[in-house]
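A short write-up of the structure that comes next.
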Amino acid sequence: MSGMTTSATPHDLPTERELGRVLGDEPGPTLIAVGGIHGNELGGVRAARRVLARLSRGDVTVRGEVVAFAGNMAAMAEGLRYHAKDLNRQWNERAVARLDAAPPEGELDSEDREQVALLAVIREAIGRARGPVYLVDLHTTSASGVPFVIFGDTLPQRHFVRHLPLPIIMGLEEQVDGVLAEYWTRQGCVTFTVEGGQHQDPGAVDNLEAALLLAAQEAGVFAHGALVETRAAHALLEGRRGDLPRVMEVVSRHAIAEEDHFKMEPGFRNLDHARAGQLLAHDKGGPIRAPRD
């Protein structure tokens, strides 16, 4: 996996919704990647471009199609997570139906316009698919930590993600309403989300690149072992996992709001061990402790 600068440059910022596509001569799966649905998370855009460039070299037989899209382009241009509302909380049937009804332009905020455009290109990709459709949502996080996979627990998705050597978190997608992957699962796609690491960490781009490359292989875009880079990708992600278990389940969730003045204790990473009763954080109500090991 190659290195990458951490600060955004004009070259990094997408000027078109479609970041690129690779079309195979033979029918096969369609793999859709979305990067930057949060505008301050450019790692997915960079990772998708790398994978597209690798598959475009012409030394591997590609089946089906790999296509990547930029998420919240307006927010990306300003380095913001979003403008009016979180674009990764608007993917439900009611919100999509409202946008499909073509409300007056004056009623659309920045994220509405982004969602309309993203809906259109994803639907187009699904419409031209010549096989099963997979969708990967690529993210990074504000805190440092171990990369991990989130997915809606359907049998096809469980079967697919178990081939990725990252920690798999069950039950987290169901805790958050309106996420991109969950919506497209209900439309018949096999989907999952990868959290690659901290926003400014060059290693997060490597992690997302590795996960996307392995997803393309598992989907059948190219034959197992056809790219030597997949071995390095697997080894990288296996090493990132360290001593964490392969599969974890959300058993409790402490919701927070801005007015809670929540502050995590130092020293924790995203995904970490905790002991029952261990001090995790404080908020306006006082100390917050782990309810169990």
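The values are calculated or read from the model by the stated rules, or taken from the named source; none is laboratory data. Keep in mind that what you see is a predicted model, and the values were worked out from it rather than measured. A quick note on method: Cβ atoms are made from the backbone with ideal geometry, for glycine too, and the neighbour counts reach across all protein chains shown. Heavy atoms of the whole protein, side chains included, go into the accessibility calculation; ligands, DNA and RNA do not. Shrake-Rupley method; radii C 1.70, N 1.55, O 1.52, S 1.80 Å.
With the requirement that a residue be closer than 30 Å to residue 217 by Cα and aliphatic (A, V, I, L, M), what does the range 65-87 give you?
Residues satisfying the conditions are 66, 67, 68, 70, 73, 76, 87.
Just to be sure, is residue 203 open to solvent by 20 Å² or more (accessible area, probe 1.4 Å) and not β-branched (Val, Ile, Thr)?
no
Taking the stated definitions as given, is residue 125 more than 21 Å from residue 249 (Cβ to Cβ), open to solvent by less than 10 Å² (accessible area, probe 1.4 Å) and assigned to a helix (DSSP H, G or I)?
yes
Answer with yes or no whether residue 141 is under 15 Å from residue 33 (Cα atoms), touching a strand residue (DSSP E or B) at 6+ places or on another chain (Cβ under 6 Å) and either in contact (Cβ under 8 Å) with a residue 60 or more places away in the chain or surrounded by 21 or more Cβ atoms within 10 Å (Cβ to Cβ) (or both).
no
Identify, by number, the condition in (1) within 30 Å of residue 62 (Cβ to Cβ); (2) modelled with pLDDT of 90 or more; (3) of a type outside the set (Ser, Thr, Tyr) that residue 173 doesn't meet.
Single failed check for residue 173: (2).
In the range 94-112, what residues are touching a residue at least 24 places away in the same chain (Cβ under 8 Å) and in a loop (DSSP other than H, G, I, E, B)?
Correct list: 109 only.
Go over the candidates 246, 241, 231 one by one and state the one that is at pLDDT 95 or above and among the basic types (Lys, Arg).
Exactly one residue qualifies, and that residue is 231.
Name the residues in the range 29-46 that are over 10 Å from the mean Cα position of the chain (by Cα) and among the hydrophobic types (A, V, I, L, M, F, W, C), would you?
Selection gives 31, 32, 42, 45.
This table checks each residue for (1) modelled with pLDDT of 95 or more; (2) over 30 Å from residue 265 (Cβ atoms).
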{"site": "136", "(1), (2)": "yes, yes"}
{"site": "139", "(1), (2)": "yes, no"}
{"site": "154", "(1), (2)": "no, yes"}
{"site": "169", "(1), (2)": "no, no"}
{"site": "196", "(1), (2)": "yes, no"}
